[in-house]
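Accompanying notes for the structure given below.
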Amino acid sequence: MKKKVKVVMTHLHNRIAKLAKGAIERGDITSCDRISDSSYLIKRIDKTDRPQTTKYTTVAAASLLHLLNSYASANPPETVAETKTV
């Protein structure tokens, strides 16, 4: 049973890394640092342009990053062609 838990956690940490990279590229977060096997520090910019660093459990970090990714997928940024009037 121990090996299965380790495989799942490895997959989860890899998924968090991929989601964090996308969120940083989109500007949703400024950094995501793994501080242990069970927690992450995620730095975001709030509406007043102040950095806000919050400690998340591994599952909470994965959930937050997944929700940010889902929101970005559902609301893609407008392209120049879409905003151009004819």
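The values are calculated or read from the model by the stated rules, or taken from the named source; none is laboratory data. Keep in mind it's a predicted model, so treat the numbers as computed, not measured. Cβ sites come from the backbone with ideal geometry, for glycine too, and all protein chains shown count toward neighbours. Remember, those area values only see protein heavy atoms, side chains included, never the ligands or the DNA or RNA. Shrake-Rupley method; radii C 1.70, N 1.55, O 1.52, S 1.80 Å.
Is there a residue being surrounded by 14 or more Cβ atoms within 10 Å (Cβ to Cβ), outside any loop (DSSP other than H, G, I, E, B) and at pLDDT 90 or above anywhere in region 50-57? Yes, the conditions are met somewhere in region 50-57. Here LYS3 clears all of (1) modelled with pLDDT of 90 or more; (2) part of a helix (DSSP H, G or I) except the condition numbered (1). Within region 8-34, the set of residues being without any contact (Cβ under 8 Å) to a residue 24 or more places away in the chain, of a type outside the set (S, T, N, Q) and within 16 Å of ALA62 (Cα to Cα) comprises VAL8, HIS11, ALA17, LYS18, LYS21, ILE24, ASP33, ARG34.
TYR71 passes every criterion in (1) within 19 Å of VAL5 (Cα to Cα); (2) open to solvent by 60 Å² or more (accessible area, probe 1.4 Å); (3) not β-branched (Val, Ile, Thr) apart from (1).
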